[in-house]
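These notes concern the structure reproduced below.
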């Protein structure tokens, strides 16, 4: 009986020591403002005031701060995801964990925003050139048969078909789903992210560029450079499950082909600066941003192609690794990112100066009803 009481006391002391050790580590450990693994800003230490204490906001913000900066937080979250996966709980924070890849499992309420369809049709009415539109499926759209049936309610293929039917007849719709589905045994999507690899983007490019009136560049003309083999993308950031192999980020350069002669980025305040594509400095943060660098509302790319062909590309992040293939076909590519615009499109560019406009978006972006609110004059 005495041994049992002694054992209980020792256990209690060890637990108290463990708790206080982690509390001390949490308080005195160097704090970070940004989590690379989760790809998000961490909660700052809250400002104390009598009012914030009375309304409870100080306590809530302090809890968020402690949760974000808890010692070895990433390791704890990763271990939790591994345990849940091993115990057959395959969904962690809306991410389905498969042996080979991670998939977005949070898809039951996905729907295309009617506001986006209206804005696209309005843009087409006011535009003097030809509008092309393609929606790119996410990795879930192509590998969705891995998911349990109860999650697979409305496929992305159905969403894309409905979207294309709703768009104005004059918009030339380009299907990318079927080619990607056919190639799904290849490395066309990242294992830890919803987006295409450069290899997948190349086959999307082949499909699109022919609709735009060009012959696609031959694959064997490209030199492929492996930038990193440690990429873990947006799905990993949500669950921190490290049981799936990290991804490779590639850059394609066309041997003996056209080159970029000028690349200028424009901020919402009108300031501009020279920038470079494929900026490896960004490998220290969100690695996928390496393709276009700092996120800006407008980028103007000029190339050595001498054909006076100009393209207006309105896009989201799914197009970032796609742009490298367009360089061989246009003397100028104007790149608009509606998600980062604070002003109307006419502040940055006159669409009617471009004979062709290509909209290229991940189908999941079309749920955002604010996406296209600034693309019309």
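The values are calculated or read from the model by the stated rules, or taken from the named source; none is laboratory data. Quick caveat: nothing in here was measured; it's all calculated off a predicted structure. Cβ atoms come from the backbone with ideal geometry, glycine included; neighbour counts cover every protein chain shown.
So for region 273-291 (the condition being part of a strand (DSSP E or B) and under 22 Å from residue 218 (Cβ atoms)), does at least one residue qualify?
no
Between a first residue in region 113-126 that is on the phi > 0 side of the Ramachandran plot and a second residue that is exposed (fewer than 13 other Cβ atoms within 10 Å of the Cβ), which pairs have beta carbons less than 8 Å apart while being 6 or more apart in sequence or on different chains?
Pairs that qualify, where the first residue is on the phi > 0 side of the Ramachandran plot and the partner is exposed (fewer than 13 other Cβ atoms within 10 Å of the Cβ): there are none.
Checking residue 125 against (1) more than 20 Å from the chain's Cα centre (by Cα); (2) closer than 20 Å to residue 93 by Cα, which test does it fail?
For residue 125, the exception is condition (2).
Take the conditions within 29 Å of residue 114 (Cα to Cα), assigned by TED's automatic domain parsing to the domain that holds residue 362 and touching a strand residue (DSSP E or B) at 6+ places or on another chain (Cβ under 7 Å) and apply them to residue 209. Does it pass?
In short, no.
Suppose we keep only residues that are surrounded by fewer than 16 Cβ atoms within 10 Å (Cβ to Cβ) and part of a loop (DSSP other than H, G, I, E, B) within region 221-245. Which one would you say is modelled with the lowest pLDDT?
Selected residue: 243.
Checking the structure you have, find out if any residue of region 301-310 is touching a helix residue (DSSP H, G or I) at 6+ places or on another chain (Cβ under 6 Å) and crowded, with 20+ Cβ neighbours inside 10 Å.
no
Would you say residue 349 is in the same structural domain as residue 210 (by TED's automatic domain parsing), modelled with pLDDT of 95 or more and not in a loop (DSSP other than H, G, I, E, B)?
Spelling it out, it is not the case that residue 349 is in the same structural domain as residue 210 (by TED's automatic domain parsing), modelled with pLDDT of 95 or more and not in a loop (DSSP other than H, G, I, E, B).
Restricting attention to region 318-334, does a residue exist that is out of contact with any strand residue (DSSP E or B) (no Cβ under 7 Å at 6 or more places or on another chain) and modelled with pLDDT under 95?
No.
So how many residues does region 189-205 have that are in contact with a helix residue (DSSP H, G or I) (Cβ under 8 Å, 6 or more places away or on another chain) and surrounded by fewer than 22 Cβ atoms within 10 Å (Cβ to Cβ)? If you could, list the steps in order and put the result at the bottom.
At the first step, the residues of region 189-205 found to be in contact with a helix residue (DSSP H, G or I) (Cβ under 8 Å, 6 or more places away or on another chain) are 189-190, 192-196, 198, 200-205.
Subset that is surrounded by fewer than 22 Cβ atoms within 10 Å (Cβ to Cβ): 203.
Result for region 189-205: 1.
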